[in-house]
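Below: the structure, in C-alpha cells.
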Amino acid sequence: MKILVTVKRIPDPDEGLKFTGGGLDYSSHKRVPNAFDEYAVETALRLAEVVGGKDRLAEVVVLSICPQGQRQHVTQFLAMGADRGIVVDAEEDSLDTIAVSKAIAAVFKKEGADLLIAGKLSQDLEGNQVAQRVAGLLGVPQACFAANLAWDRAGKSLTVGREVDDGVEVKKIPLPAVVSVDLRIVLPKSVQNGATSPDHAYNEGPRLASLRGITMAKRKKVDVFTLAALGVASGGSEQDVAVAAPPARKAGQMVGSVEELVEKLTKEAKVI
Amino acid sequence: MSKVLVVLETAGNGVRSTSLPGITCGQQIAKATGGELHLLVLGADPAGAAQAVAAAGYGAKAVHVMASPALEPFTAEAWADAIVHAARTLGATHVGGTATSSLRDALPRAAALLDAPLCPEAVAVKSGDTFTRPVSAGRALLDLKVKGTPIFFTARGTEFEAPAAGAAAPVAAMAAPALNNLGVQVLSIQKTESARPALTEARVIVSGGRGMGSGANFAHLEKLTDALGGALGASRAATDAGMVPADLQVGQTGKIVAPELYIAVAISGAIQHLAGMKGSKVIVAINKDAEAPIFQLADYGLVAKWEDTIPRLTQLVSAHRSA
C-alpha cells in the first residue's frame, strides 16, 4: 500500500492581511503548512502504523508543489513520520487549479499509489476542489470531507464517514481512491486500520515531530520533478482581477441589560 | 449565445430549498451574458420535482430531467458523469449550482473531466467570467476571472436571494448516459434529527461557545432557541470539546450561515467562526469578557455571563412572542 499525501505551504493565517495596490502582499508573511494538510498526513500515519508493534502497513509519501529550495514544510512532515517526499519544483502561486490537479494526478500514476489523502481545502484560497479533480482525472472513487475512516485491508476498501450538510454519510470506496479530510479526522479514534487496537485513543490533532524524527528527516529521500517532466503546462485559466477588504459592518452598540437588548431587538432591529 | 446550466437537488417532489440560490446566481450570469438559463434535475425518479421546478419557471428556457437509479443516493462519481453528459449535450457555457456539500463534491470532479475551470463559493457575479469570492476566512474578497469552456461555478447559498418564480418552463427529458459509480456504495446517511429548522435555512440562530462550560448547559440555549423558533449552532471550540454534535459547528470549516438574527453566547469570536456568520443581518453578542473580538462585529453587545442573562432573555422573548 502506498499513500500519497498532498501538502501545501500557505501564508500564516494568523498574521494580518496586507492590501496593496489592488492585491494582497504576502511577501513578509511566514509560510506555514496548511492545517488540513497536517490532518491529512496524520491520517496517513495512523493508517500506516501499528501502535504497539513494529509493522508498517503502508508507505507514506508527501507531495508538495513549491520551489525546491523552499521545502521546509516537506522536511517538517518527514520529521512527523512520513517515509519520503516528492517536490514538484514550481512557484505554486503561478499555477492554476487545473495544472495543480494534473501534476498531482501525474505523480499518483508515476508512483502507482493506492490512495491519495488531501486536506479538504487550503486556508488561504479555500478552493476545495483539488482532491475531487484529481479523482476525476484518475477515474477513481472519491470520499470528500472525511470525518472518520476505516481501512479494510482484505477487501482493499475504505469506509469513510463524510461530513455532509445534513449529517454524516457513510461511503464505502474500493482502492485506488482519493480522500479529502475534514477537521474531525484527527479525533482520538477517527482512523481505524484494522491492526492498531480499535480502543487505542490517539492524542487529538496532528502529532508533533519527535527529536528522532527530526534527525531522521534529513536522511529521508526527496525526489524533485519539474512540471515538464510530468507533462503538465502551468495553465492560465485563473486570473485575480482585484482584491479588496470586505465592507466593514456598521459600528454596533453596547447594551446594559437583557431588558434593553430585547427592547432594541423588538423596536429598533425588529427581528423578533 | 451563452447557456447557463444550473444543477438542482431534489427533496421528495420538489427542489431542495438550498438549491434555490444557485438558480439566482445562474440567472445573473445569464443576464450578464445575454444568454439562456437551463435547469437540470437529477435523480432516480425526478419527474415530479422537475414538474414543480418547471411550474415555477424561474426564467429558465427549459428544465432538463435525467432519471437513473444510479443517481440516488447521491454519489459524486455518478453525478459528475451525468453533469458532464448534460453539459456536452446542451453545449453549456456555464455549469454550476449552490455550494452544498453534494455539489462541492461533484462539480469539481465534473470540471476536471471537461478540463474546465471552476470558481468556488461565488458571492457576486461581476460578468460572465468574473466572480467575487471570499478568501482567507472571509478577510478578503477576490474578483476571480476564469477562462475556459464551460465555466463552472458554485454559489454561496447565503449570498444570493431565492429566485422569483416566473412563467412556466417546458420540461425536457434527457436520456441518462451509462453511469459507472466505480464500485462505491453509500451505506447510510446519519441525518441529524431535529424538530428545529436547518442551520443553513433558519431565520434565527443561537450559538454557544466554549464558555458554555458543558454540553448540559446548552439546554439553556435550546430553550432560548425554541422560544425564538430558531436553530442551535456552536463554535468549533464547543464542538471540539464534545459539548454538542460536530454538525452544529458554524465557521470557515463548518456551516456558513446568514440568518436575520444571530445570537452568539459565550463565543469569543475567532476569525474562523466569524467567517461563518458575518453575513448575518443582526448580530448579538453576549460574553462576560468585554475584550472578546466578537464585540467588534456585533450590532448589539452585552457584557455579561450567560448564566445571568439567558434565562431572563428566554423569558422576555417568550412573553414578547406570545403577546
- Task: Please find, within the range B:108-140, the residue that is nearest to the other protein chains (Cβ to nearest Cβ) out of those that are touching a Gly at 6+ places or on another chain (Cβ under 8 Å) and open to solvent by 20 Å² or more (accessible area, probe 1.4 Å).
- Result: B:Leu113
- Query: Just to be sure, is A:Asp124 within 30 Å of B:Phe74 (Cβ to Cβ) and more than 14 Å from chain B (Cβ to nearest Cβ)?
  - Reply: no
- Please go through the range B:208-247 and pick out each residue that is out of contact with any Leu (no Cβ under 7 Å at 6 or more places or on another chain) and either among the β-branched types (Val, Ile, Thr) or not assigned by TED's automatic domain parsing to the domain that holds B:Gln272 (or both). B:Val244
- Pick from B:Ala56, B:Ala44: which is open to solvent by 10 Å² or more (accessible area, probe 1.4 Å), at pLDDT 95 or above, farther than 24 Å from A:Gln132 by Cα and not assigned by TED's automatic domain parsing to the domain that holds B:Val257? B:Ala56
- Task: Give me a count of the residues in the range A:240-252 that are facing chain B (nearest Cβ under 7 Å) and either open to solvent by 70 Å² or more (accessible area, probe 1.4 Å) or closer than 28 Å to B:Thr130 by Cα (or both).
- Result: 8
- Failed condition for B:Ile267, given (1) out of contact with any His (no Cβ under 7 Å at 6 or more places or on another chain); (2) of a type outside the set (Phe, Trp, Tyr); (3) more than 8 Å from chain A (Cβ to nearest Cβ), with all others met? (1)
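One line per residue, one yes/no per condition, for (1) of a type outside the set (Lys, Arg); (2) over 18 Å from B:Glu77 (Cβ atoms); (3) in contact with a Ser or Thr (Cβ under 7 Å, 6 or more places away or on another chain); (4) within 14 Å of another protein chain (Cβ to nearest Cβ):
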| site | (1), (2), (3), (4) |
| --- | --- |
| A:Leu158 | yes, no, no, yes |
| A:Val181 | yes, yes, yes, yes |
| A:Arg184 | no, yes, yes, yes |
| A:Asp199 | yes, yes, no, no |
| A:Arg207 | no, yes, no, no |
| A:Lys220 | no, yes, no, no |
- Query: What do you reckon, is B:Leu297 in the same structural domain as B:Gly215 (by TED's automatic domain parsing) and touching a residue at least 24 places away in the same chain (Cβ under 8 Å)?
  - Reply: yes
- Kindly provide the set of residues from the range A:122-160 that are under 25 Å from B:Pro134 (Cα atoms) and part of a loop (DSSP other than H, G, I, E, B), ordered by number. A:Ser122, A:Gln123, A:Asp124, A:Leu125, A:Glu126, A:Gly127, A:Asn128, A:Gln129
- Residue ID - most open to solvent (accessible area, probe 1.4 Å), chosen from residues in the range B:82-99 that are part of a helix (DSSP H, G or I) and closer than 16 Å to B:Ile29 by Cβ: B:Leu90
- Exactly one of B:Asp81, B:Asp105, B:Asp143 is in contact with a helix residue (DSSP H, G or I) (Cβ under 8 Å, 6 or more places away or on another chain), acidic (Asp, Glu) and facing chain A (nearest Cβ under 8 Å), and that residue is B:Asp105
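So that you can scan it fast, the table gives a plain yes or no per residue for (1) surrounded by 24 or more Cβ atoms within 10 Å (Cβ to Cβ); (2) not polar (S, T, N, Q):
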residue	(1), (2)
A:Asp114	no, yes
A:Lys120	yes, yes
A:Leu125	no, yes
A:Gln132	yes, no
A:Gly136	yes, yes
A:Pro141	yes, yes
A:Ala146	yes, yes
A:Arg153	no, yes
- If you go through the range B:300-314 one residue at a time, how many are facing another protein chain (nearest Cβ under 7 Å) and open to solvent by less than 30 Å² (accessible area, probe 1.4 Å)? 5
- Message: Pull out all pairs, ordered by first then second residue, where Cβ-Cβ is under 9 Å, the residues are six or more apart or on different chains, the first lies in the range A:243-264 and is of a type in the set (Ser, Thr, Tyr), and the second is open to solvent by less than 40 Å² (accessible area, probe 1.4 Å).
- Response: A:Ser257/B:Leu302; A:Ser257/B:Ala304; A:Ser257/B:Thr309
- Task: Considering each residue of the range A:1-54, count those that are in contact with a strand residue (DSSP E or B) (Cβ under 7 Å, 6 or more places away or on another chain), of a type in the set (S, T, N, Q) and either over 29 Å from B:Thr132 (Cβ atoms) or assigned to a loop (DSSP other than H, G, I, E, B) (or both), and give that number.
- Result: 2
- Query: For B:Lys61, which of the numbered conditions (1) more than 8 Å from chain A (Cβ to nearest Cβ); (2) touching a strand residue (DSSP E or B) at 6+ places or on another chain (Cβ under 9 Å); (3) of a type in the set (D, E, K, R); (4) buried (at least 21 other Cβ atoms within 10 Å of the Cβ) fails to hold?
  - Reply: (4)
- Note on the structure: Here the residues within the range B:274-299 that are open to solvent by 10 Å² or more (accessible area, probe 1.4 Å) and not charged (D, E, K, R) are B:Leu274, B:Ala275, B:Gly279, B:Val282, B:Asn287, B:Ala290, B:Pro293, B:Phe295, B:Gln296, B:Leu297
- Of residues in the range A:55-87 being open to solvent by 10 Å² or more (accessible area, probe 1.4 Å) and assigned to a strand (DSSP E or B), the one nearest to A:Lys218 (Cα to Cα): A:Arg84
- Tell me which residues, restricted to the range B:181-199, are within 27 Å of B:Ala50 (Cβ to Cβ) and more than 9 Å from every other protein chain (Cβ to nearest Cβ). B:Pro197
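The values are calculated or read from the model by the stated rules, or taken from the named source; none is laboratory data. What you see is a predicted model; the values in this text were computed from it and never measured. Neighbour counts run over all protein chains shown; Cβ positions are idealised from the backbone, glycine included. Ligands, DNA and RNA are stripped out before the accessible areas are found, and what is left, the full protein with its side chains, is counted by its heavy atoms. Shrake-Rupley method; radii C 1.70, N 1.55, O 1.52, S 1.80 Å.
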